[in-house]
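Step one of this worksheet: look at the structure below.
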Amino acid sequence: MKHFIYSILVSAALFSCKKTEEITIEEQPKTEHAEEIVGELYGFQLKDYVLVEDTIRSGDNLGKIFGDNNIGSTEVLNIVTQVKDTFNVRNIRVGQPYALVKYRKNQEKLAAFIYHPNVTGYQVIDLRDSISAYTITYPVTIKRRTVASEIEGSLSASLAREGVDQSLATKMSQIFAWSIDFFKLRPEDRFAFTIEEKYINDSVYLGISKIEAAYFRYRGKDLYSFPYKREGYKSTEYFDELGRPMKAMFLKAPLKFFRITSKYTKSRFHPVQKTWKAHNGTDYAAPSGTPIMTTAAGVVERAGYTAGNGNFVKVKHSGTYSTQYLHMSKILVKTGQRVDQGQTIGLVGSTGLATGPHVCYRFWKNGVQVDPLSQNLPNSEPMEKRDMPAFKTYMTPLKEELDKVLNEKFQGE
């Protein structure tokens with residue numbers, strides 16, 4: 001790989017003057033001009049060093065690379081020992097780029113080793129006067145923009161058409177998980193958001209760093225969401241424009257991706273027992289091994305096995321509500337364990353009386369099994385009145401910005 005171009009410019013002039021009586025030859029001195037190698041890379045002056053770039057291959061490690069460059073095993077051990085607090089040699093991974101810095105006047109000798117663990121910067125082991133190691137992080141630029149669009153196909157496809165990282169689809173689905181069924185979006189639905197995106201040197205894209213505000217018109221209803229950290233709270237939460245929490249007490253389903261194969265009913269023909277009986281749960285079909293989430297925070301009341309339920313987990317959420325998850329292939333929590341909303345508590349299976357992989361989701365209210373899809377379930381803890389003035393000051397300009405872009409995009413529709 002060639003990294004430098006050298007050029008030598010040679011100029012000479014020969015002038016002669018001819019007279020009738022004599023010939024005089026006047027010779028100008030010859031001069032040579034060599035273009036000086038200027039600039040630096042990774043902090044090394046290119047006039048003094050040669051850089052050889054390569055990629056970590058299978059079987060490569062620091063010892064092998066150094067050994068191939070005339071550094072003995074004893075010296076390698078000494079280097080590794082001296083830099084261990086700032087450079088972990090075990091973190092070198094196949095496929096990552098690196099560079100060898102060699103002295104221009106003695107290219108058999110290694111001056112430094114440079115390793116790129118990721119696109120955000122590089123690490124240096126400097127072998128010159130004294131052995132040292134350090135990390136350089138590239139400057140990151142934050143760019144902010146507001147986008148409005150409408151649904152054409154899926155949310156991911158709609159974002160892609162706007163030139164937005166499709167990871168935003170997952171984040172949007174999490175923000176509006178309690179208000180929108182993202183499997184049932186329609187062409188007339190629309191969305192808008194204000195985001196911050198990270199770039200290295202204004203060119204290399206690193207992804208979305210922050211969502212400042214989000215909007216969805218879902219089935220004719222306008223939904224706003226703003227991240228806000230209340231005084232005295234550890235984490236940021238999402239609230240609508242009136243300060244109501246976006247996060248309901250319960251998730252809509254115990255799986256992220258699913259299809260309902262059987263709903264709560266007082267009379268259903270049981271596929272295994274071959275008899276008509278009540279089905280006091282909702283069946284969500286999914287491949288074996290799919291993570292099952294607890295739909296609300298609580299304490300595991302029981303985790304075990306019965307012939308009918310197979311592997312199951314029951315979670316108590318409050319004095320009013322409990323939920324149960326049946327037919328797991330594997331249980332991942334223990335009785336008495338506290339769990340958070342959305343935490344994986346088991347994996348989809350077909351244990352017990354089941355004809356195929358699914359989770360039967362059961363819901364108790366005041367000790368009676370009910371249909372969770374028909375319940376008007378409570379939201380999370382509402383914002384206190386004392387927090388509202390500060391929240392409105394923060395939220396109002398963000399909402400106005402969303403509304404302006406929406407009006408420009410859809411001309412006030």
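The values are calculated or read from the model by the stated rules, or taken from the named source; none is laboratory data. Everything quoted here is computed from the prediction, not taken from an experiment. Cβ coordinates were reconstructed from backbone atoms using ideal geometry, including for glycine residues, and neighbour counts include every protein chain displayed. Just so you know, the surface numbers come from the protein's heavy atoms only, side chains and all, with ligands and any DNA or RNA stripped out. Shrake-Rupley method; radii C 1.70, N 1.55, O 1.52, S 1.80 Å.
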Query raised in the report: At q = 0.24 Å⁻¹, what base-10 log of I(q)/I(0) does the Debye formula yield for region 360-413 when every alpha carbon is treated as an equal point scatterer in vacuo?
Result: -0.92
Query raised in the report: Based on Cβ point charges of +1 for Lys and Arg and -1 for Asp and Glu, what charge dipole magnitude is obtained for region 104-262 about its Cα centre, in debye rounded to the nearest 20?
Result: 300 debye
Query raised in the report: Of all accessible surface on the chain at a 1.4 Å probe, what whole percent is carbon and sulfur?
Result: 50 percent
**Report entry** Extreme residue, positive dipole direction of the chain, given options S318, T137, F176 (C-beta unit charges)
**Finding:** S318
Query - Extended-chain gain in nm, criterion 0.36 nm per residue less alpha-carbon gap, Y394 and R104 - result: 98.6 nm
Query raised in the report: What order, most packed first, do the peptides 359-365, 132-138, 283-289, 321-327 have when packing is the mean number of other Cβ atoms within 10 Å of each residue?
Result: 321-327, 359-365, 283-289, 132-138
Query raised in the report: Got a sec? Charge dipole of the chain, +1 on Cβ for Lys and Arg, -1 for Asp and Glu; which of V101, L251, P397 is way out at the positive end?
Result: L251
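Given a cut-off of 32 Å, what percent of all Cα-Cα pairs of the chain lie beyond it? Write down the numbers at each step before the final one.
Details: 52320 of 85078 pairs.
Cα-Cα pairs of the chain separated by over 32 Å account for 61 percent.
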Query raised in the report: Say we join alpha carbon atoms closer than 10 Å with springs in a Gaussian network model of the chain; which of G310, G232, G207 then has the biggest fluctuation?
Result: G232
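Once the Cβ-Cβ distance between K47 and D165 is put in as r, and R0 is 56 Å, what FRET efficiency do you end up with, to the nearest 0.05?
0.85
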Requested in this report: With the Cα gyration tensor of region 289-364 in hand, convert its eigenvalues to equivalent ellipsoid semi-axes via √(5λ) and list them largest first in whole Å.
Outcome: 19, 12, 10
Query - Given K64/K102; K184/K221; K143/K171; K198/K234; K247/K330; K314/K365, the pairs whose alpha carbons are separated by over 20 Å - result: K198/K234; K247/K330
Query raised in the report: Can you give the relative contact order of the chain as a percent, counting alpha carbon pairs under 8 Å and 6+ residues apart?
Result: 10 percent
Query raised in the report: Counting only residues 5 or more places away or on other chains, whose amide H sits under 5 Å from the amide H of L223 once H atoms are built in the peptide plane?
Result: F216, R217, Y218
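Under unit Cβ charges (Lys, Arg +1; Asp, Glu -1), what dipole magnitude, rounded to 20 debye, does the chain have relative to its Cα centre?
Rounded to the nearest 20 debye, it is 3020 debye.
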Query raised in the report: Which of R338, R386, R217 moves the most in a Gaussian network model of the chain with Cα springs under 10 Å?
Result: R386
Query - For region 317-396: span of alpha carbons on each principal axis (Å, largest first) - result: 55, 26, 26
